[in-house]
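Comments concern the structure below.
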Amino acid sequence: MLKRLSSNWGATAVAGVALAMSLYHLWVAFFGPPDAQKFRAIHLTFVVAIAFLMLPGRGYRDPETGKPNIFDLVLLGLAVASAAYPIFAYDYLVKRMYYVDELTIPDFIFGSLAVILVLEATRRAVGWALPATAAAFLIYTLIWRGFGLEMTLDQLYLTTEGIFGIPLGVSATYIVLFILFGALVERSGAGKLFMDFAMSLTGHAAGGPAKVACVTSGLFGSVSGSAVANVMTTGVFTIPLMKRIGYRPGFAGAVEAVASTGGQIMPPIMGAAAFVMAEFLGIGYLEVAAFALFPAILYYVALFMAVHFEAKRTGMVGLPRSELPSLKDTLASRGHLFLPLVIIIATLLMGYSAPLSALAGIVSVVPTAMLRKETRKDVNLHMIGDALISGAKNTVPVALACACAGIVVGCITLTNLGTEFTGLVIAVSQDSLVLALVLTMIAGIILGMGMPTTPAYIVQVALLVPALVKLGVMVEAAHMFVFYYAILSAITPPVAMAVYAANGISRAGLWDTGFSALKLGATGYIIPFMFVFGPSILLIGEWPVIVTTLCTALIGVVCLAAGMTGFLITRAGIVERLLLLAAALVLIKPGLWSDLTGIGLLVVVFAWQYMTGRKPELASKPAQ
């Protein structure tokens, strides 16, 4: 035993620190956190410790054992010391006057180390793009704008405007708890529940496995909040099934990538950036979930119908019922595992805070799993410990991304770059809101291509949201606008992380899957414009207007799916497809005359197809 621990001391150390981190955050969720800067420093100390123990630096770690070497251990010690310095120097920090009192030698040393090592740890966790972006902002601040090292470190390290800013605070307060909840739910057997539930509902229908991917990825993604993790969890099952019934590999991978990406916008849990949005807007997380609810429904309805129309167009059938689980048996054996999600929603609706709701969900997972014999066997101390360790590990990339994004935001705030960028966007767009939105969309996708959703959203909030608000966009709609495009970068070539993950399973070409994902996810690119010009999509406004807008938007996304796929009730010709796309665009835009025009176009196409009665071709080959 001792020999085994000695040979795997790196993994043992990671497990020990991760377990301590999870237990500490559960304790804080129950008893309350210390002062903000101290709490965030403790959170970062845990995170960098796990990062330098677990994540190898290129060329520095034994590829066979993965154990950290002397170089890693030196960086580990320096990173922990620099992250923990604000904890031990807390009394000194709260008494000093920011930007007035001179920095001491320890301030300079630990501040410089913290900035450099946060960049290095982030590089190890999420790649080069985000730390390179942060480094560019640092160079701009120090060299281009001429701010001294003292003022820059004061901003980034000794205040809550940089590394220890709102993003890291959200990671420490909200994100870690919901990631822990997701890890516990997954290990309690809910993953099998989601899959069997979706299979029993849609597996027999036309294109059944693709519809299973839509339902399963939506359910699982609302818990995991990560597009890539979602693909790798559900895609290993759904993609081979889609290929089995005739979908070509590229299309099968695209369905899973688009469905998994939508999990970040699907309440009740969504992705980590949603918690940051709630903090930036100064509202409860439940309000953010309410804003996201109907856009997420539109997104999945459009994907589901595109899959359905594609199956009908090519004559594909579903899986035999004999191979599918029974809905009744699934709910009887595992349906109780939905209870933790219900508890989280209920506690949020009752007005409790998101951390307390997450804690209630976490506490409920084990008792819920113990209710039935089928899931009771999965519950033991090893499972709980493994979930707590896994949850802490999964928090590391998000927390480091938040800390690194804090460097960017701190530089933007110090240099007043956000105001200058707002002026630039307004000048380039010449006060045209549509042009400003298009520029913001392009910038958002480009930013999101190279970094995770959360930091991409945070940078856009600092740079792009003020310009949209100045042009008259509602603050909530502006935040949701950039939030969407930060997410959609996961399916936008050439850097489309969800597509890469799906290709690893489907073995298709990147561009084949990428273009198919663009078609299937087309609604996602249009929805943000909808809630800028019609905030009723976000459930903001008078209820008669909201209900009308939601109904016409639903019809609009179905038309869009039909037009993109080339099928409504029969195969559609080029003129019919153009009419369906035109109907979709005018239905998506709120307004009486646009709604009447769109419905009129849809009726024309429907009537024409009904009268001509063209039949779908039976699929003897994979779907195109």
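Observations, loosely collected:
- Residue 486 outside the structural domain of residue 557 (by TED's automatic domain parsing), over 15 Å from the mean Cα position of the chain (by Cα), of a type outside the set (Ser, Thr, Tyr) and at pLDDT 85 or above: no
- Any hit, the stretch 270-291, residues being of a type in the set (Gly, Ala, Ser) and under 21 Å from residue 564 (Cβ atoms): no
- Within the stretch 162-188, residues that are closer than 15 Å to residue 118 by Cα sit with their Cβ atoms under 7 Å from residues that are of a type in the set (Lys, Arg), at 6+ positions apart or across chains, in these pairs: 164/40; 168/40.
- Filtered by the rule that a residue be of a type in the set (S, T, N, Q) and part of a helix (DSSP H, G or I), the stretch 413-460 gives 413, 415, 419, 422, 429, 440, 453, 454, 460.
Here's the yes/no breakdown for (1) among the aromatic types (Phe, Trp, Tyr); (2) in contact (Cβ under 8 Å) with a residue 60 or more places away in the chain:
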site: 87; (1), (2): no, no
site: 98; (1), (2): yes, yes
site: 121; (1), (2): no, yes
site: 129; (1), (2): no, yes
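- Breaking point among (1) on the phi > 0 side of the Ramachandran plot; (2) in contact with a Cys (Cβ under 7 Å, 6 or more places away or on another chain), for residue 580: (1)
- The residues listed here are 202, 234; of these, the one that is within 30 Å of residue 335 (Cβ to Cβ), touching a Lys or Arg at 6+ places or on another chain (Cβ under 7 Å), buried (at least 24 other Cβ atoms within 10 Å of the Cβ) and not charged (D, E, K, R) is 202.
- Restricted to the stretch 151-227, the set of helices (runs of 4 or more DSSP H) holding at least 3 residues that are in contact with a Ser or Thr (Cβ under 7 Å, 6 or more places away or on another chain) and at pLDDT 80 or above comprises 176-185, 191-202, 208-224.
- Any hit, the stretch 404-413, residues being within 28 Å of residue 131 (Cβ to Cβ), touching a His at 6+ places or on another chain (Cβ under 9 Å) and at pLDDT 90 or above: no
- Of all residues making up the stretch 327-352, the number that are under 23 Å from residue 273 (Cβ atoms) and crowded, with 16+ Cβ neighbours inside 10 Å: 7
- Test: residue in the stretch 465-475 that is closer than 20 Å to residue 274 by Cβ and within 22 Å of the chain's Cα centre (by Cα): yes
- The listed residue being within 21 Å of residue 401 (Cα to Cα) and among the aliphatic types (A, V, I, L, M), out of 270, 316, 305, 266: 270
- Any hit, the stretch 100-118, residues being at pLDDT 95 or above, under 23 Å from residue 421 (Cβ atoms) and in contact with a Cys (Cβ under 9 Å, 6 or more places away or on another chain): no
- Subset tally (residues that are assigned to a loop (DSSP other than H, G, I, E, B) and buried (at least 17 other Cβ atoms within 10 Å of the Cβ)) for the stretch 97-117: 1
- Filter result for residue 358 (closer than 30 Å to residue 131 by Cβ, hydrophobic (A, V, I, L, M, F, W, C) and touching a Gly at 6+ places or on another chain (Cβ under 8 Å)): no
- Residue list for the stretch 298-325, filter: surrounded by fewer than 24 Cβ atoms within 10 Å (Cβ to Cβ), among the small types (Gly, Ala, Ser) and in contact with a Ser or Thr (Cβ under 9 Å, 6 or more places away or on another chain): 315, 318
- Checklist (1) modelled with pLDDT under 80; (2) under 12 Å from the mean Cα position of the chain (by Cα) applied to residue 234, failing item: (2)
- Qualifying residue in the stretch 469-483 (condition: surrounded by fewer than 21 Cβ atoms within 10 Å (Cβ to Cβ), aliphatic (A, V, I, L, M) and in a helix (DSSP H, G or I)): yes
- Scanning the stretch 565-588 for residues that are surrounded by 21 or more Cβ atoms within 10 Å (Cβ to Cβ), more than 10 Å from residue 602 (Cβ to Cβ) and at pLDDT 90 or above turns up just one, 576.
- Search result, residues across the stretch 268-291 that are farther than 19 Å from residue 235 by Cβ, within 16 Å of the chain's Cα centre (by Cα), in a loop (DSSP other than H, G, I, E, B) and touching a residue at least 60 places away in the same chain (Cβ under 8 Å): 268, 269
- Residues of the stretch 167-179 that turn out to be within 16 Å of the chain's Cα centre (by Cα) and either more than 12 Å from residue 25 (Cα to Cα) or among the hydrophobic types (A, V, I, L, M, F, W, C) (or both), as a count: 7
- If the condition is being of a type in the set (A, V, I, L, M, F, W, C) and modelled with pLDDT of 80 or more, then the stretch 299-320 contributes 301, 302, 303, 304, 305, 306, 307, 309, 311.
- Candidate set from the stretch 1-25 (those that are touching a helix residue (DSSP H, G or I) at 6+ places or on another chain (Cβ under 7 Å) and at pLDDT below 95); member that is farthest from residue 388 (Cα to Cα): 5
The values are calculated or read from the model by the stated rules, or taken from the named source; none is laboratory data. Predicted, not measured: the structure shown is a model, and the values here were computed from it. With ideal geometry, Cβ positions are generated from the backbone for all residues, glycine too; neighbour counts draw on all protein chains shown.
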